[in-house]
1. Hey, any hits in the stretch 88-95 for a residue that's modelled with pLDDT of 95 or more, buried (at least 20 other Cβ atoms within 10 Å of the Cβ) and among the hydroxyl-bearing types (Ser, Thr, Tyr)?
2. Applying the selection to the stretch 84-104, what residues are free of Cβ contacts under 8 Å to residues at least 40 places away in the same chain and part of a helix (DSSP H, G or I)?
3. For the stretch 112-145, give me each residue that is open to solvent by less than 40 Å² (accessible area, probe 1.4 Å), over 22 Å from Lys75 (Cα atoms) and assigned to a loop (DSSP other than H, G, I, E, B).
4. Of everything in the stretch 90-111 that's over 13 Å from the mean Cα position of the chain (by Cα) and not small (Gly, Ala, Ser), which residue is farthest from Met147 (Cα to Cα)?
5. Restrict the check to the stretch 53-67 and report whether at least one residue is in a helix (DSSP H, G or I), open to solvent by less than 60 Å² (accessible area, probe 1.4 Å) and within 17 Å of Tyr118 (Cβ to Cβ).
6. Kindly indicate whether any position in the stretch 31-48 is farther than 21 Å from Ala149 by Cα and of a type in the set (Asp, Glu).
7. Go over the candidates Leu49, Leu71 one by one and state the one that is open to solvent by less than 70 Å² (accessible area, probe 1.4 Å) and at negative phi.
8. For residues that are under 20 Å from Gly66 (Cα atoms) and among the aromatic types (Phe, Trp, Tyr), scanning just the stretch 97-111, find the one that is surrounded by the fewest Cβ atoms within 10 Å (Cβ to Cβ).
Amino acid sequence: MAENYDTIPKSFGLGRIATQAEIDSVDIDVRPDGKGLPAGNGLAARGKLIFENKCAACHGQGGIGGPNGSLVTTKAQEGKRKEKTIGNYWPYATTVFDYIRRAMPFNAPGSLSNEEVYHLTAYLLAANQIIEEKTVINARTLPKVVMPAHHLFVPDDRKGGPEIK
């Protein structure tokens with residue numbers, strides 16, 4: 001039985017239309033190709049200081065260990081499965097920025113400035129030996145970083161079925 005969408009009201013009389021500023025404040029996702037990255041720059045040395053103050057309690061000194069897991073790749077211990085980290089599992093460097101920006105720190109997600117997120121991203125990429133410590137990370141350079149695990153991820157390019165958006 002087909003629905004008659006003409007009978008559904010355009011408004012239910014609840015709430016209000018969001019302002020463009022409200023929409024912009026939550027439209028902060030970053031795509032793998034870098035679309036959505038804001039202005040700003042990051043350096044590993046500055047990110048290390050931020051990490052020590054805002055991240056080490058959960059992720060350990062230098063991003064190794066801690067109650068919420070390592071972010072930096074280390075040698076696997078005998079008899080233990082290698083922990084998935086930024087350096088051995090994440091497919092895109094832009095995802096590191098996106099995740100930190102939206103979800104960290106755990107006790108105050110979204111509280112970091114774009115500059116702080118760029119610095120933290122640079123620090124974590126350098127700590128995983130993916131970029132040089134002096135490399136400047138920004139909207140132009142970050143999408144060009146090739147992650148060690150990039151080849152492990154296969155895009156879903158199936159054809160013939162319903163397209164899901």
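The values are calculated or read from the model by the stated rules, or taken from the named source; none is laboratory data. Note that the structure is predicted; figures quoted are calculated from it, not measured. Methodologically, a virtual Cβ is constructed for each residue, glycine included, from the backbone with ideal geometry; neighbour enumeration extends over all protein chains shown. Side chains are part of the model used for accessible areas, which takes the heavy atoms of the whole protein and leaves out ligands, DNA and RNA. Shrake-Rupley method; radii C 1.70, N 1.55, O 1.52, S 1.80 Å.
1. Within the stretch 88-95, one or more residues are modelled with pLDDT of 95 or more, buried (at least 20 other Cβ atoms within 10 Å of the Cβ) and among the hydroxyl-bearing types (Ser, Thr, Tyr).
2. The initial filter retains those residues of the stretch 84-104 that are free of Cβ contacts under 8 Å to residues at least 40 places away in the same chain, namely 84, 96, 99-100, 103.
Of everything in the stretch 84-104, those that are free of Cβ contacts under 8 Å to residues at least 40 places away in the same chain and part of a helix (DSSP H, G or I) turn out to be Val96, Tyr99, Ile100, Ala103.
3. Passing the criteria: Leu112, Thr141, Val145.
4. Of all residues in the stretch 90-111, those over 13 Å from the mean Cα position of the chain (by Cα) come to 106-108, 111.
Remaining after also requiring not small (Gly, Ala, Ser): 106-107.
Details: Phe106: 24, Asn107: 28 Å.
Here the answer is Asn107.
5. The first filter runs over the stretch 53-67 and keeps only residues in a helix (DSSP H, G or I), leaving 53-54, 56-59, 61-63.
Checking which are open to solvent by less than 60 Å² (accessible area, probe 1.4 Å) leaves us with 56, 58-59, 62-63.
Add one more test, that the residue is within 17 Å of Tyr118 (Cβ to Cβ), and what stays is 63.
Yes: one or more hits.
6. There is no residue in the stretch 31-48 that is farther than 21 Å from Ala149 by Cα and of a type in the set (Asp, Glu).
7. On the way: Leu49 fails: open to solvent by less than 70 Å² (accessible area, probe 1.4 Å).
Exactly one residue qualifies, and that residue is Leu71.
8. Phe106
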